[in-house]
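What follows draws every value from the coordinates through simple rules; no lab data is involved. In this text, all values refer to a predicted model and were calculated from it rather than measured experimentally. All Cβ positions, even for glycine, are placed from backbone atoms using ideal geometry, and neighbour counts span all protein chains on display.
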Amino acid sequence: MIRPSAAACAALLILVTRLSAAPVAEALPAILAVDHEGKGNAAAARAWQVLATADADALPEILAGMDGANPLAANWLRAAVDAVVARHGGRLPLEALVRFLGETEHDPRARRLAFDLVKGADPARAEALLEGMVEDPSVELRRDAVAKVVAAAEAMQAAGKTDEALAAYRRAFDASRNVEQIQSLAATIRGLGGTVDVTRHFGFLRGWQVIGPFDNTGGKGFAAVYPPERGIDPAATLDGKEGKVSWQPVESADEYGVVNVNLVYPPPVPPEGEAKPAEGEPKEGLKGVVAYAVTEFDAAEARPAELRLGCKNAWKIWLNGAPVFEREEYHRGMEIDQYRLPVTLRQGPNTILVKLCQDEQRRPWTTEWEFQLRVCDEVGTAIHPAGAAEPAR
Amino acid sequence: MDRPVALLVAAVLLAAAPLEADDWLEFRGPGGASRVKEDSLPVELSVADIRWSADLPGRGLSGVLVVGDRAFVTTSDGPTQDRLHLVCLSAADGRILWDRQVWATGRTMCHSKTSVAGPTPCSDGTRVYAIFSSNDLVCFDLEGNLQWLRGIGFDYPNVSNSLGMASSLLVSGDTVIVPVENDSESYTLGVDAATGANRWKLDRPKGANWTSPVILAPGIVALQSKTGVDAVRVSDGATLWSYAEGADTVSSSALADGVLYVPSNGVTALRLDPADPTKQPTQVWRENTLAPSTASCVVGADAVYCINGAGVLTAGDRATGKRRWQLRLQGPFSGTPLTDGRHLWAVNEAGLVQVVELGDKEGSVVATLDLGDEILCSPAAASGALYVRSNTKLHKIGRPAPAGK
C-alpha cells in the first residue's frame, strides 16, 4: 500500500479547497446583485444551486460573502449555508469556522452563524469561545457571553460573595446590549444595593421642548405641515388647535425616557360627578391632536448613528431639518428600539424634531400619547452628548 | 409544438407534480371553507391516535401544509425572533427532512399572543411559499432548494403592523397573492410564482388587516378588508367588483358552492354569478346573530358554522342564514375548525380537540382529545389525519393507514 506524504496531503487539501472555492467565487456576484422587488432573483436562484452543492470547506467563503451584502443577499447565502451543512452533517471545517468567528470585521450575523455551526459540532468549544466575547460587535454573541458572566455572578451570590457578585453583575450590565438582559441586570444590581444609570446606558434623551396641541381631527394633522416643520423658533407663539401655543420644557421622569405628552397638556375637565385622575397619574388625554418635541444633541464628532424610537402614535422625525422617517399607525404597541433609524450625526449641535399625532379613538388602550428615543450606534451602544457626565455608581 | 412533443411535455409535467387531491395546500384548505372529505377524519379520538409529535425549531402559530408525503410549517426563533424557518417534515413519522432559515429583514415586534411565524404558507404542489410577520417572503421547492426570496419591508419600509402581520398567502396559477395590508403602507401584491417579481401591486385600504384571501374562481381572488370585499383579477390586479358594506379584519370569508360567506354585519352570504363570477354578486342573506370571532366560519353540507368569542358554536342555515342551534364548546378558540359536513373538529387554545356531531336541530360533542399543548393555529387535514402545531411541536392525529395503502 502506498502511503501519501504529508506534503502530498497538504497539496491535495489545497487543491480540493481551491476547486471547491472557485465555483463559489463565481456564484457570489449573482447572489450579491439581488435587490428590491425581486431584482436578480432568477440569476441568484441558479447561483444558489452552485453554493448549496459546494463542499463544506467553502462555508467560510460563503459566510464572508455576507460582508457588506444587502439583507436579501445575506438571506440567499444564509439558506445556502443550511443546505451545505445538511449535506455534510458533522463534517464541517471547524478550525476555519473558528478562525472566521474570531475575525470581528466580518458581518456580525455571519459570525453568529459560524458560532452556531461550531456549537452544533463541538458545544464545549463554543462555550469556551464565548469567554472573550462580552464586548463583541455581534449583539447575539455578546448576549450569550454576558449570560455566562451572569451565571458566574449568580454562583458567587449563592456562595455569599455579594461584593464579587455585584462587580460581576455590573460588568455584565455594562457589556450588555440586549434590552431584556439590561432590564434584568438593573433589577438584580439594585436588589443588591447597587446603583445603575439605565438612562445613560441606553442613551435615552429625557430633556425636550414640546409645543402643541395642533389639530389632528380626522387624522389630517399627520400630513399637515405646522410651523415647527418649517423651522424651530423657541420664542414663537403659534396658532394651536384651540388657541395660542408656545414651546415649553419637558423633562421625562422615566428612566427609559418615555415622554408622556398627556402629562404636559391639561386633560378635558371631567364631567360633574366623574372621578378625576390622581396627581401624577396619566390623565385622560386630548384626542385628535398633534404635538412636536424638539431637542438638541451635541455630537462630539460627525459619525453614523441610529435614532431608536418607541412610539404607539403616528409620528415623523427630522434630524437637522431633514426628514428621517414617518409612520402613520396608531395604538398597535410600543417597545424600546421599536424603530431603528440610521442617520449621520454632524459634529456639534444636532436638532432632533419629533411629530407626535394622537387620533380620536376613545377605547381605553388609545389614551397613550408618548414616545421614547435614544441615540446609539448600530450595536446599540449609547452615544452620549459631548461633555455628558460619567454615570453614577 | 407538435403533438408527440406536447404529450411528452405533459407526461413530464404530470410525473413531476406530486400534487394529490388529499394535499392541504393553503390556510383553511380550498376556498377557505375548511372542508374535508366526508368520513376522512377520525371521530372517536384517543391518545393512541396521536401518530407522532415532532419538536419544532422555534415558535409560531401558522398552519401546516401537507404536500404528498411531506408536511411544511414555519417557525421563528432567536432573542428577537428574527430567525425565520421553513421546516419540512416527513408526514409518515415527523422526522425533520430539512430546515431552511433566513433572517428577518423587517420588524419582528408583535403582540405576545401571536408570532412572527403567524401567516400560513401555501403551495402549488411543487413549491412552498412562506411569509412571516416581518414581511419576509420566501419560496423553496419541495426539496428545500431556494427559488427566490423577497423582503417586502425592505422594498416598502412602512409595510408593517406593530401587533404583527398574519394574513396568509394564496397561489393562483402562476401568481402568488401576498396581502400585506396595514395602517400605513397598505398593499396586496401579485407576485410571479417563478421569480418573486411583482406582477402587480394594489393599493389597499389603510387599516390593520389580518384576514386572508380566498380564490373565488380560476383567476379571481377575494380580498377582504374593513371596507368589505374586493374581487381582484389575478393576472393584472384589476378590481372586478366590490362589496362595500364593511367586513371583519380578523376572521376571513369562506367560499363553498359559489357562495361567499363574508364576516360582515354578522355574516353576509354573497352568491357569485354562476355564469360570470367577474360580475357583481348577489346578496343571498345577512344574519347578524352569526358572530365569528378570531376563528373564521366554516361551511358544512347545509349549514355554516361560526364560533363566537365566548366559545359558542352557532349553526346557521346555508340557504337563509337563520340560526338552527347553538352549542357551548370549551373555548377560547384562535384556530378555525374543520368540518366534513357531518362532524366538526375544533381545537381550543388549551389544545382540547372537540369533535362535534352536526345535526339538523342540534349539535353535540361526541369526542375530545386533550393534547395538553397550547394550540393557536387552524388545523390542516390530509390522508385521514389532522395536523396541528404549537409553539414547540407539530402533532399528527389520525388512524394508521390500512395495510397495503
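Applying both filters, DSSP loop and at most 16 other Cβ atoms within 10 Å, to the trypsin sites (Lys or Arg not before Pro) of the range A:176-236 gives A:LYS220, A:ARG230. Which residues among the range A:347-371 fall inside the zone where the amide N is under 17 Å from a point 7 Å beyond the Cα of A:GLU296, along Cα→Cβ? Of the residues in the range A:347-371, A:347-354 have backbone N under 17 Å from the label point off A:GLU296. Residues A:ILE189, A:ILE211, ranked from the fewest to the most other C-beta atoms within 10 Å, line up as A:ILE189, A:ILE211. Between the Cα long axis of helix A:179-191 and the first principal axis of chain A there is an angle of about 70°, rounded to the nearest 10. The sum of -39500 (n - 2.57) across all DSSP H runs of n ≥ 4, divided by the residue count of the protein assembly as shown, sets its helix-only mean residue ellipticity at 222 nm to -6500 deg cm²/dmol. First check a/c for the range B:217-269, with a ≥ b ≥ c the square roots of the eigenvalues of its C-alpha gyration tensor; if it is under 1.5, answer rounded, and if not, answer prolate when a/b is larger than b/c or oblate otherwise. Here the range B:217-269 falls in the oblate category. Taking only the Cα atoms of the range A:6-132, the ratio Rg/Rh comes out at 0.99, with Rh defined as the Kirkwood radius. For chain A, the longest principal axis of the alpha carbon atoms and the long axis of helix A:6-32 meet at an angle near 40°. Remark on the range A:33-77: Rg and Dmax equal 10.6, 33 Å (Cα only). When only the Cβ of Lys, Arg, Asp and Glu is charged (+1, +1, -1, -1), the dipole of chain B relative to its Cα centre reaches about 360 debye. Please give every one of the lysines within straight-line cross-link reach of A:LYS220, meaning a C-alpha to C-alpha distance under 16 Å, and leave out same-chain neighbours fewer than 8 residues apart. Qualifying lysines at Cα under 16 Å: A:LYS241, A:LYS287, A:LYS316, A:LYS355, B:LYS206. Applying 1/(1 + (r/R0)^6) with R0 = 25 Å to the Cβ-Cβ distance of B:ASP276 and B:THR320 gives a FRET efficiency near 0.50. Packing, as the average of other Cβ atoms within 10 Å across residues, places the peptides B:156-168, A:321-333 in the order B:156-168, A:321-333, highest first. Our estimate of slack between B:ASN265 and B:ALA301, defined as 0.36 nm per intervening residue step minus the Cα-Cα distance, is 10.7 nm. Counting beta carbons within 10 Å around each of A:LEU94, B:LEU338 and listing the fewest first gives the order A:LEU94, B:LEU338. Peptide A:317-330 has a mean shielding of 2, counted as Cβ atoms of other protein chains within 10 Å of each residue's Cβ. Site pair B:ALA48 and A:TYR256 shows an inter-label distance of 5.2 nm when each label is modelled 7 Å from Cα along Cα→Cβ.
The charge dipole of the range B:74-186, taken about its Cα centre with unit charges on the Cβ of Lys, Arg, Asp and Glu (plus for the first two, minus for the last two), comes to roughly 240 debye.
Only sites in a loop by DSSP and with at most 14 other Cβ atoms within 10 Å count here; which trypsin sites (Lys or Arg not before Pro) in the range B:65-96 make the cut?
The qualifying sites are B:ARG95.
Here is the tail figure for the protein assembly as shown: Cα pairs spaced more than 47 Å apart come to 28 percent of all pairs.
Derived from the Cα gyration tensor, the three semi-axes of the equivalent ellipsoid of the range B:117-173 are 21, 12, 9 Å, largest first.
Evaluated at q = 0.17, 0.19 Å⁻¹, the base-10 log of the normalised Debye intensity for the range B:244-296, with identical point scatterers placed on the Cα atoms, takes the values -0.49, -0.61. Cysteine residues of chain B whose C-beta has no other cysteine C-beta under 4.7 angstrom: B:CYS88, B:CYS110, B:CYS122, B:CYS139, B:CYS377. Checking every one of the trypsin sites (Lys or Arg not before Pro) in the range A:48-115 against DSSP loop status and a limit of 14 other Cβ atoms within 10 Å picks out A:ARG91.
Can you tell me what percent of all Cα-Cα pairs in chain B are more than 42 Å apart? So the portion of pairs separated by more than 42 Å is 7 percent. Of all lysines in the structure, those lying under 21 Å Cα to Cα from B:LYS201, and not within fewer than 8 positions of it along the same chain, are A:LYS39, B:LYS226.
Note on the range A:140-196: along the principal axes its Cα atoms extend 30, 20, 13 Å, ordered by decreasing extent. For the pair A:LYS39 and A:ALA22, label points projected 7 Å from Cα toward Cβ lie 3.2 nm apart.
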